[in-house]
Amino acid sequence: MNLDEHAMNLGRILGNLQSLESMLRMTIGTIDKSRRSANDFSALKVGDRVPADAVTNYDSLGPTIRFYNRLVPAEDRLDVGALVTLRDILAHGRIINVQPTLPLRLVKFGKEENGTVRVEAIVEMTQSWFAEQRQFVYRCVETVAAVNRRGSEKKATE
């Protein structure tokens with residue numbers, strides 16, 4: 001793996017995580033009519049105020065997944081811990097390599113307590129790690145997409 005492939009792999013995972021969160025929010029609105037968005041997102045301008053709903057609320061990824069999991073059958077639930085851990089290490093981890101060589105090492109530190117910080121996660125971003133994470137997130141996207149399709153089909157027949 002070279003640096004371009006590393007960047008492409010990282011971008012694919014981040015893009016899939018963003019797609020997953022958007023799809024989760026839309027699916028919540030499809031299933032729970034009280035949270036359905038009626039906002040015209042194409043007309044938004046900075047400074048506009050819009051009603052809070054499944055798409056616009058300030059919930060982070062963890063609470064969004066937990067809410068989705070309460071709405072769906074067990075077979076369609078997502079692993080909130082694994083998804084949030086992945087997103088957090090990518091968002092808050094630091095690349096720390098002694099030598100400027102691949103694979104890069106990503107380290108996530110916790111909050112400072114009494115002058116020290118806890119090492120919370122270490123990931124060697126190898127080709128196989130990237131492949132596993134991409135496949136995991138993509139399976140989650142596919143699961144939520146299927147739930148959304150079923151919810152949309154059900155809504156169309158009501």
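The values are calculated or read from the model by the stated rules, or taken from the named source; none is laboratory data. The structure presented is a predicted model; accordingly, all values stated were derived computationally and were not measured. Note: ideal-geometry Cβ built from the backbone for every residue, glycine included; neighbour counts use all protein chains shown.
Reported count of residues in the range 25-39, each being hydroxyl-bearing (Ser, Thr, Tyr) and assigned to a loop (DSSP other than H, G, I, E, B), is 1. Note on the range 12-50: residues that are of a type in the set (D, E, K, R), over 17 Å from Arg77 (Cβ atoms) and in contact with an Asp or Glu (Cβ under 9 Å, 6 or more places away or on another chain) total 2. If the condition is being farther than 14 Å from Arg12 by Cα and touching a Lys or Arg at 6+ places or on another chain (Cβ under 9 Å), then the range 124-142 contributes only Glu124.
Return the pair list, or none, for Cβ contacts closer than 7 Å from residues in the range 85-110 that are surrounded by 15 or more Cβ atoms within 10 Å (Cβ to Cβ) to residues that are among the hydroxyl-bearing types (Ser, Thr, Tyr) and in a loop (DSSP other than H, G, I, E, B), at least 6 apart or on different chains. Listed pairs, sorted by first residue: Pro103/Thr126. With respect to the conditions (1) touching a residue at least 60 places away in the same chain (Cβ under 8 Å); (2) not in a helix (DSSP H, G or I), Arg134 lacks only one, and its number is (2). Criterion applied to Ala146, Ala121 was being surrounded by fewer than 13 Cβ atoms within 10 Å (Cβ to Cβ), in contact with a helix residue (DSSP H, G or I) (Cβ under 9 Å, 6 or more places away or on another chain) and closer than 25 Å to Arg12 by Cβ, and the one residue passing it is Ala146. When Ser22, Ser42 are checked against the criterion of being part of a helix (DSSP H, G or I) and either over 18 Å from the mean Cα position of the chain (by Cα) or at pLDDT below 95 (or both), Ser42 stands alone in meeting it. All conditions in (1) surrounded by 15 or more Cβ atoms within 10 Å (Cβ to Cβ); (2) in contact with a helix residue (DSSP H, G or I) (Cβ under 7 Å, 6 or more places away or on another chain); (3) modelled with pLDDT of 95 or more; (4) not hydroxyl-bearing (Ser, Thr, Tyr) hold for Arg66, with the sole exception of (1). Of everything listed in (1) buried (at least 17 other Cβ atoms within 10 Å of the Cβ); (2) out of contact with any strand residue (DSSP E or B) (no Cβ under 6 Å at 6 or more places or on another chain); (3) not aromatic (Phe, Trp, Tyr), the single unmet condition for Glu113 is (1). Does at least one position in the range 93-100 carry a residue that is under 22 Å from Asn9 (Cβ atoms), part of a helix (DSSP H, G or I) and out of contact with any His (no Cβ under 8 Å at 6 or more places or on another chain)? Looking for residues that are under 22 Å from Asn9 (Cβ atoms), part of a helix (DSSP H, G or I) and out of contact with any His (no Cβ under 8 Å at 6 or more places or on another chain), one finds none in the range 93-100, hence no. Within the range 6-35, the residues that satisfy the criterion of being surrounded by fewer than 16 Cβ atoms within 10 Å (Cβ to Cβ) and over 24 Å from Ala82 (Cα atoms) are Lys33, Ser34.
Taking the range 32-90 as the range and being hydroxyl-bearing (Ser, Thr, Tyr) and in contact with a strand residue (DSSP E or B) (Cβ under 9 Å, 6 or more places away or on another chain) as the test, only Thr85 passes.
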